[in-house]
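The values are calculated or read from the model by the stated rules, or taken from the named source; none is laboratory data. Fair warning: this is a prediction, and the values are worked out from it, not measured in the lab. Heads up, the Cβs are rebuilt from the backbone with ideal geometry, glycines too, and the neighbour counts pull from every protein chain shown. The accessibility values were calculated without ligands, DNA or RNA, using every heavy atom of the protein model including side chains. Shrake-Rupley method; radii C 1.70, N 1.55, O 1.52, S 1.80 Å.
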Amino acid sequence: MISIVVPVFNEKESIGELYKDLVENLKKIGKSYEIVFVDDGSTDGTLDILKNIEKNDKIKTFSFRKNQGKAEALMLGFQKAQGDYIITLDGDLQDKPKEIPKLLEKAKEGWDVVCGWRKMRKDSIGKLLSSKFFNSIASIFWGLRLHDYNCGLKLYSKEAAKSLNLYGGMHRFIPLLAHDQGFSVTEVAVEHDKRQYGKSKYGFSKIWKDLPDIFTMLFLVKYRQRPLHFFGLVGGLFMILGAIILMYLSIVWLMGESIGRRPILLFG
């Protein structure tokens, strides 16, 4: 069985259209399926629409009383999903259900996580630039080379999805978290569409939210078992900088100049 997990937040204009598109494409695949909608505290009537859709016995709807964040919504969806493969996509119609067979075909090669790669991404320049920056930094720090870490369209084996522990902004690092636990991760190019309704929940400013999360993940993944290596590296860099400053001041002092009143002495 295939489980489709869809986290939604204030997407009342698109949710009905997404449901119809999902059902149409899942029928073509010819496998049993379930669709798990997780309403993340929507305030625009999205939940009411989902409750009407829920009359279909293949549909499950869960909701938070207030907005918790995408990571928490995905976690709830993973917990409730029962399929052998769990596929996620966003509720804004930018991820295309017709691309699901591509992920399934790639998974048959033995991959645990298959990420969508929005090769021809239809988003604003600000979002494209921030995404490229994030993907480049993540690839450099962890060596997992992906073009698109944060595409909403992903496929997971049941074991990989159930092993994840997501909170805060950690949904952006799902490929890395799976890779760190020993699951195989790859990507496949998928079609991406422009947002048709409403406004994006993220913009260029999200890069300032990503940066702290990047350093948190760097510590948790690379230095979790050896934290002193992290602090030793930071301390070593400061020590080298201080030594260079003091060597310079020593040379200046030997040349006969006074250094006692220089602020750089205290800094060194």
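One residue is enough: does the range 110-125 have a residue meeting the conditions assigned to a helix (DSSP H, G or I), modelled with pLDDT of 90 or more and open to solvent by less than 40 Å² (accessible area, probe 1.4 Å)? So that I can check it myself, show each step before the final result.
Just the residues of the range 110-125 that are assigned to a helix (DSSP H, G or I), to begin with: 125.
Applying the additional criterion that residues be modelled with pLDDT of 90 or more yields none.
Checked against the condition, which is being assigned to a helix (DSSP H, G or I), modelled with pLDDT of 90 or more and open to solvent by less than 40 Å² (accessible area, probe 1.4 Å), the range 110-125 yields no hits at all.
Tell me whether the range 126-147 contains one or more residues that are surrounded by 14 or more Cβ atoms within 10 Å (Cβ to Cβ), under 23 Å from Ser14 (Cβ atoms) and in contact with a Pro (Cβ under 9 Å, 6 or more places away or on another chain). No, the range 126-147 has no match at all.
Of the numbered criteria (1) part of a helix (DSSP H, G or I); (2) among the small types (Gly, Ala, Ser); (3) farther than 26 Å from Lys119 by Cβ, the one Ala71 fails is (3).
Looking at (1) among the charged types (D, E, K, R); (2) assigned to a helix (DSSP H, G or I); (3) open to solvent by 20 Å² or more (accessible area, probe 1.4 Å); (4) touching a residue at least 40 places away in the same chain (Cβ under 8 Å), can you tell me which one Glu99 breaks? Unmet for Glu99, out of (1) among the charged types (D, E, K, R); (2) assigned to a helix (DSSP H, G or I); (3) open to solvent by 20 Å² or more (accessible area, probe 1.4 Å); (4) touching a residue at least 40 places away in the same chain (Cβ under 8 Å): (3).
Filter the range 239-259 for residues that are assigned to a loop (DSSP other than H, G, I, E, B) and open to solvent by 60 Å² or more (accessible area, probe 1.4 Å) and give the result. I'd like the intermediate steps shown before the answer.
Let us first name the residues in the range 239-259 that are assigned to a loop (DSSP other than H, G, I, E, B), namely 255-259.
Hits for the range 239-259 are Met255, Gly256, Glu257, Ser258.
Tallying residues that are open to solvent by less than 80 Å² (accessible area, probe 1.4 Å) and part of a helix (DSSP H, G or I) within the range 24-47 yields 5. Being open to solvent by 50 Å² or more (accessible area, probe 1.4 Å) and not polar (S, T, N, Q) is the filter here, so list the residues in the range 212-229 that pass it. Residues satisfying the conditions are Pro212, Phe215, Phe219, Leu220, Lys222, Arg224, Arg226, Pro227, Leu228, His229. Would you point out which residue out of Leu241, Leu164, Leu237 is at pLDDT 75 or above and touching a Leu at 6+ places or on another chain (Cβ under 7 Å)? Step by step, each of Leu241, Leu164, Leu237 is checked, and only Leu164 is at pLDDT 75 or above and touching a Leu at 6+ places or on another chain (Cβ under 7 Å).
Can you tell me which residue is farthest from Ile4 (Cα to Cα) among those in the range 130-161 that are in a helix (DSSP H, G or I) and over 16 Å from the mean Cα position of the chain (by Cα)? If we take residues in the range 130-161 being in a helix (DSSP H, G or I) and over 16 Å from the mean Cα position of the chain (by Cα), then Ile140 is farthest from Ile4 (Cα to Cα).
Could you please find all residues in the range 48-58 being closer than 19 Å to Phe78 by Cα and either assigned to a loop (DSSP other than H, G, I, E, B) or free of Cβ contacts under 8 Å to residues at least 40 places away in the same chain (or both)?
Step one: list which residues in the range 48-58 are closer than 19 Å to Phe78 by Cα, which gives 50, 54, 57-58.
Residues satisfying the conditions are Glu54, Asp57, Lys58.
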